Amino acid sequence: MPVEPSQAQHEETVVPIKPGLRAARADAAALAATAVQVRTRTPFWQYLAGALLIAAAVFVFALFPRLMQPASDRPAAAATAPQPSAPDAPQLSAEELARLKSQADSLLAKLLSQQSQLDALHVDSWGGDQYAHYKELGNAGEDAFLANDFTKAVAKYTDATSVGSELLSRSGEIVQHAIAAAQEAFAAANAEVAIAQYDVVLGIEPENATAKAGRARAERLPEVLTLVERGNAERDAGERQKAIATYREALAIDPRWEPASRALAAVTANVRDADFELAMSQGSKALAAESYAEAEKQFQTALALRPQAHEAQDGLTQAQEGERLGKIALTEARALAFERRELWDQAIGQYKGALVDDPTLVFAKTGLERSELRAGLDAKLRNLIDNPTLLFGDTVLADARKLVVEARGIAEPGPVLTDQIGKLDRLVTLAGTPIAVRLTSDQHTEVTVYRVGALGSFAAKELQLRPGTYTAIGSRNGFHDVRQTFTVVPGRTLPPINVICSEPI
């Protein structure tokens, strides 16, 4: 079929255009197909119109690229002036050119596949400067290919594929780091940051199972946190059963939320402890009333809650032996049981009751003396622990130190006394540990701190003061005195105390 001249000119114009990365980002598959079709077409009239072909080739390779170049990108007129010629590039044979062109084709195909993978990973959102460099290398390779500089095209395409491989590898590192950051944020109860990090992962790997599951948990985390907070409020208000129900509601949403699990375990243990104490109290009352059947029932309930509780076992034994033991033996057993539980007032009552019936009972006399001594020690310890500000006085603090030493000398102190010794010892240490207090003034006011002494005038001064209440007095000729009273509390940092006489007389 004859070919029109206009048709021939069009085909010759298209031949050197190589679909590259720029075209691939718009429609890589379509342009690649077009390129293959154009490159594989061999016009049959080429052998009959050699002169026309040469003219068309000169137009295509020398003039057409300049005509197609945007005006803004064309070199300025001055740039067209004759330039010193560059050294001639090594001349390549037709076979070498064909081999380089084939290699460039293969690299471009690999680059297009690589670009497709990166696009699927949303590289624009995380590739940064490295991705920009990747595109620059690809574009440079494309420009070289269009200029028939296949050696440069191969080099640029090779560099681009290397950078692309690094980007693909980097995407995996980003996924790992984002998942770790999301899990850390989730553990810190920061749902917003966790969701954002999981979204980074899902933007790269939409089907990442860890990220999908983690994001689902993070989306419901605010509900869980609200329920845990409500459960904490109910627990603090003494509504333990409500708190248990609320914690279970939170765990129904997220069974793996550790704070809810720990809170549920703690409040459940508190309920169990309260039930144990109630059963022990009821059992002791039944023993005191000599209602041995009821006492046995209560102590068995206590043992069901705490099987290793020696006091519950003691109470059960007393209840079971109540009918057999005489009144004196039972009184002694009761008193000893109260002593083991460090219930000194109840033990004293038992010993006094036994002495009313028989003032000669040795066990009752020694037990009463022992229990009264421990009751007095218990009262002193409780008073200081419940009123720690008493320790701010030098005399009381010295007495408290002696009391700690005395308490530590008790043989078989028991858990209550051991706990009291630890608490009072900590309070004594805090009360005796100076705390930094900063005073500020105007360098004109004379400052005196009661219990410390005169400090003179200054701009700022730092004192080391033991916990307690202090009064700073400021005086200055021609001005009214000022008074600042402040309290130094263990574990609390005071703001600077400003002592300035500013009101003229």
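What relative contact order, as a whole-number percentage, does region 234-279 give when Cα pairs under 8 Å and 6 or more residues apart are counted?
On the way: 25 pairs, mean separation 15.9, N = 46.
Answer for region 234-279 is 35 percent.
List the aspartates and glutamates whose alpha-carbon lies under 17 Å from that of LYS461, not counting same-chain residues fewer than 8 positions away?
Reachable aspartates and glutamates: ASP442, GLU446.
Just report the Cα centroid separation between region 466-505 and region 125-204, whole Å.
63 Å
Take THR429 and SER281, extend 7 Å from each Cα along the Cα→Cβ direction, and tell me the distance between the two endpoints in nm.
It is 3.4 nm.
Once you order the gyration tensor axes a ≥ b ≥ c over the Cα atoms, which shape class does region 338-466 get: rounded for a/c under 1.5, otherwise prolate or oblate by comparing a/b with b/c?
Details: a/c = 5.02, a/b = 3.78, b/c = 1.33.
Since a/c reaches 1.5 and a/b is larger than b/c, the shape of region 338-466 is classed as prolate.
Going down the list LYS135/LYS156; LYS135/LYS212; LYS380/LYS402; LYS110/LYS152; LYS101/LYS152, which pairs span over 20 Å between their C-alpha atoms?
Check vs 20 Å cut-off fails for LYS135/LYS212.
Using only the Cα atoms of region 209-274, what do you get for the radius of gyration and for Dmax, in Å?
In order Rg, Dmax, the Cα atoms of region 209-274 give 12.8, 45 Å.
Which sequence of GLU332, GLU412, GLU142, GLU258 reflects their accessible areas, 1.4 Å probe, from the largest down?
On the way: GLU332 65, GLU412 165, GLU142 15, GLU258 100 Å².
Greatest to least solvent exposure: GLU412, GLU258, GLU332, GLU142.
Can you give the local net charge around LEU384? Use residues other than it whose beta-carbon is closer than 14 angstrom to its beta-carbon, Lys and Arg +1, Asp and Glu -1.
Working: positive: LYS380, ARG382, ARG401, LYS402, LYS423, ARG426; negative: ASP378, ASP386, ASP399, GLU406, ASP419, ASP425.
Surrounding charge for LEU384 is 0.
Counting C-alpha atoms alone, how compact is region 409-468: give Rg to one decimal and Dmax as a whole number, in angstrom.
So, for region 409-468, Rg and Dmax equal 19.2, 61 Å respectively.
Taking 30 Å as R0, compute the FRET efficiency from the Cβ-Cβ separation of ALA379 and GLN484 and round it to 0.05.
0.20
Round to the nearest 10 and report in Å² the accessible area of GLU184, as given by a 1.4 Å probe over the protein chains' heavy atoms.
Around 130 Å² of this residue is reachable by solvent.
Please give the peptides 375-383, 108-116, 489-497 ranked by average Cβ packing (other Cβ atoms within 10 Å per residue), highest first, as a rough proxy for protection.
Details: 375-383: 15.1, 108-116: 18.4, 489-497: 12.6.
With the highest mean Cβ count within 10 Å placed first, the list reads 108-116, 375-383, 489-497.
Rank these by accessible area, largest first, 1.4 Å probe: GLU296, GLU223.
I get GLU223, GLU296, largest accessible area first.
Return P(r) of region 97-210 (all Cα-Cα pairs; 10 Å bins starting at 0; whole %; ordered from short to long distances).
Going from the shortest bin to the longest, the percentages are 15, 36, 23, 15, 8, 3, 0.
Where does region 314-360 land on Rg(C-alpha)/(2.2 N^0.38 Å)? Mind dumping the intermediate values first?
On the way: Rg = 10.5 Å, N = 47, 2.2 N^0.38 = 9.5 Å.
Taking the Cα Rg and dividing by 2.2 N^0.38 Å, one obtains 1.11.
For region 443-504, compute the orientation-averaged projected area of the C-alpha convex hull (one quarter of its surface), in nm². Kindly include the intermediate steps, with their values, before the conclusion.
On the way: hull surface 16.1 nm².
Orientation-averaged projected area of the Cα hull: 4.0 nm².
Setting aside same-chain residues fewer than 8 positions from LYS297, which lysines have a Cα under 26 Å from its Cα?
Partners within reach: LYS285, LYS327.
By average Cβ neighbour count within 10 Å, what is the ranking of 153-159, 460-466, 313-319 from highest down?
Numbers: 153-159: 21.7, 460-466: 14.4, 313-319: 20.0.
Result, highest mean Cβ count within 10 Å first: 153-159, 313-319, 460-466.
Hey, what do the phi angles of region 154-159 turn into as Karplus ³J(HN,Hα) couplings, whole Hz, using 6.51/-1.76/1.60 and θ = phi - 60°, x for Gly and Pro?
The phi angles translate into 4, 5, 5, 5, 4, 4 Hz.
The values are calculated or read from the model by the stated rules, or taken from the named source; none is laboratory data. The model shown is predicted, which means the values in this text are computed figures rather than measured ones. For neighbour counting, all protein chains shown are included, and Cβ atoms are generated from backbone atoms with ideal geometry for every residue, glycine included. SASA here: full protein model, heavy atoms, side chains in, ligands and nucleic acids out. Shrake-Rupley method; radii C 1.70, N 1.55, O 1.52, S 1.80 Å.
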